[in-house]
Amino acid sequence: MRKTLLATSALIAAGVLSGQAMAEVKLTISGGAKYEIDFVSDDAGSGGTEVDDQSVKEGRSSTQIFFTAENTADNGLTYGYKLDLRPNSTADSSAPNTDESYMYFSGNWGTFHIGQDDNVIDNQVVTGADVLAGAAGFDGSIGTRGSHIGTAKVAPDLATSEGDDSKVAYYSPKFSGFQVAVSYAPEVGGASTRDNIVASAINYSGEFGDVNVSGGVGYLFGDHDADQQDYEGLQAGLNVGFGAFSFGAGYTTDFDSVVSNASTLTPIASTSTASGAETWDFGVAYNYGAGKVSLGYLYSEADDGANGTDNAQVFVVGADYNVAEGLVAYGEFQYSESEDDSAAANADEYEASAFVIGTKLSF
């Protein structure tokens with residue numbers, strides 16, 4: 001992403017960091033905006049009613065402005081602050097959300113973060129969706145469209161992730177393409193029962209002639225309240241590029257930690273036989289010069305503990321086109337289905353299809 005220099009310098013007190021009374025700090029601004037129009041046909045399951053919906057949606061996870069203030073002290077220490085502002089999640093609200101806000105310090109010993117940021121697994125481990133064109137399919141800024149039932153997921157990330165809750169994190173220097181990282185979140189906000197979450201990851205990136213490889217593995221654990229299973233998750237992913245082609249694959253498991261559906265995340269009781277979702281996702285793309293075309297697939301299943309295995313799958317076809325520097329137009333077709341294997345009267349299979357067109361501005 002091309003960064004625009006907002007101001008060349010600002011004065012801040014930095015005596016403790018650099019041993020000098022004042023220091024020169026560079027402030028940069030970058031970001032982007034993303035808007036989509038989607039046309040969704042949604043089967044409401046056992047009720048037999050099909051719901052058609054059209055809407056204009058804002059890609060909130062891709063509509064953001066980054067402010068970064070940074071300087072390097074005389075002793076070689078680089079220090080700074082990063083702020084990520086995004087639109088409010090409430091419709092027609094002008095007040096922005098602070099998604100990420102943290103200070104960082106780096107040197108030849110690595111990088112240290114403190115504040116509100118994703119854990120090291122989110123930052124270090126790729127998924128199959130990372131190679132997708134268009135709206136990035138099941139891992140895009142709005143994600144999989146339509147209704148979904150059961151405890152299987154329709155996204156490739158860990159349900160056990162604590163998101164941007166306050167934490168400390170350390171990223172090592174790179175050694176022969178490898179980097180290791182660890183983060184610690186003492187408490188998770190809201191009504192969550194989770195705390196003391198430790199996430200670790202190892203990442204590799206390198207080139208072998210015309211082949212580019214990026215991959216990683218991450219593992220996290222933490223505490224749940226009494227009578228609940230331990231908090232635990234694992235994620236792994238691999239991206240490979242060769243010429244105009246790129247391939248991606250990812251895997252996640254939440255072990256016996258939580259069950260999830262479209263709107264809730266529920267800890268699993270210690271006496272339950274339920275298990276968290278296992279999810280596999282894949283992507284393949286071709287870069288034709290002015291843009292990309294891609295195919296993606298995700299499959300997930302979870303044991304709900306009482307009535308069998310729930311499952312979900314998503315198919316996606318996408319394409320994008322670079323209209324001008326920093327301006328991309330794209331289109332995408334999604335088909336998804338999910339099945340709740342419960343014995344409840346409303347258990348059924350849900351299906352949804354969606355066509356999405358959108359544009360993204362980056363600066």
> Can we say SER41 is at pLDDT below 75 and either on the phi > 0 side of the Ramachandran plot or surrounded by 13 or more Cβ atoms within 10 Å (Cβ to Cβ) (or both)?
Replying inline: no
>> Condition (residue is part of a strand (DSSP E or B), at pLDDT 80 or above and in contact with a helix residue (DSSP H, G or I) (Cβ under 9 Å, 6 or more places away or on another chain)) applied to region 184-198: is it met by at least one residue?
In response: no
> So ILE121 fits all but one of (1) surrounded by fewer than 24 Cβ atoms within 10 Å (Cβ to Cβ); (2) not in a strand (DSSP E or B); what number is the exception?
Replying inline: (1)
>> Going residue by residue through region 339-347, is there one that turns out to be assigned to a strand (DSSP E or B) and at pLDDT below 90?
In response: yes
>> I need every pair where a residue in region 351-363 that is more than 30 Å from GLU339 (Cβ to Cβ) and assigned to a strand (DSSP E or B) has its Cβ under 8 Å from the Cβ of a residue that is modelled with pLDDT under 90 and among the aromatic types (Phe, Trp, Tyr), sequence separation at least 6 or different chains.
In response: THR359/TYR35
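Tell me which residues, restricted to region 101-111, are surrounded by fewer than 18 Cβ atoms within 10 Å (Cβ to Cβ) and within 24 Å of the chain's Cα centre (by Cα).
Answer for region 101-111, where residues must be surrounded by fewer than 18 Cβ atoms within 10 Å (Cβ to Cβ) and within 24 Å of the chain's Cα centre (by Cα): SER101, MET103, PHE105, GLY110, THR111.
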> Could we say that ALA135 is under 30 Å from ASN287 (Cβ atoms), outside any strand (DSSP E or B), in contact (Cβ under 8 Å) with a residue 60 or more places away in the chain and small (Gly, Ala, Ser) here?
Replying inline: yes
>> Condition (residue is in a strand (DSSP E or B) and at pLDDT below 85) applied to region 164-181: is it met by at least one residue?
In response: no
>> Out of the residues in region 81-103 meeting the condition of being among the charged types (D, E, K, R) and at pLDDT below 85, tell me which one is farthest from GLU162 (Cα to Cα).
In response: ASP92
> in a loop (DSSP other than H, G, I, E, B) and in contact with a strand residue (DSSP E or B) (Cβ under 7 Å, 6 or more places away or on another chain) - does that describe any residue in region 307-325?
Replying inline: no
> Going by the conditions given, is THR78 surrounded by fewer than 17 Cβ atoms within 10 Å (Cβ to Cβ), over 19 Å from ASP165 (Cα atoms) and modelled with pLDDT of 85 or more?
Replying inline: yes
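The values are calculated or read from the model by the stated rules, or taken from the named source; none is laboratory data. Keep in mind the model is a prediction, meaning the values are calculated, not measured. Quick reminder, even Gly has a Cβ in these numbers, built from the backbone with ideal geometry, and neighbours come from all protein chains shown.
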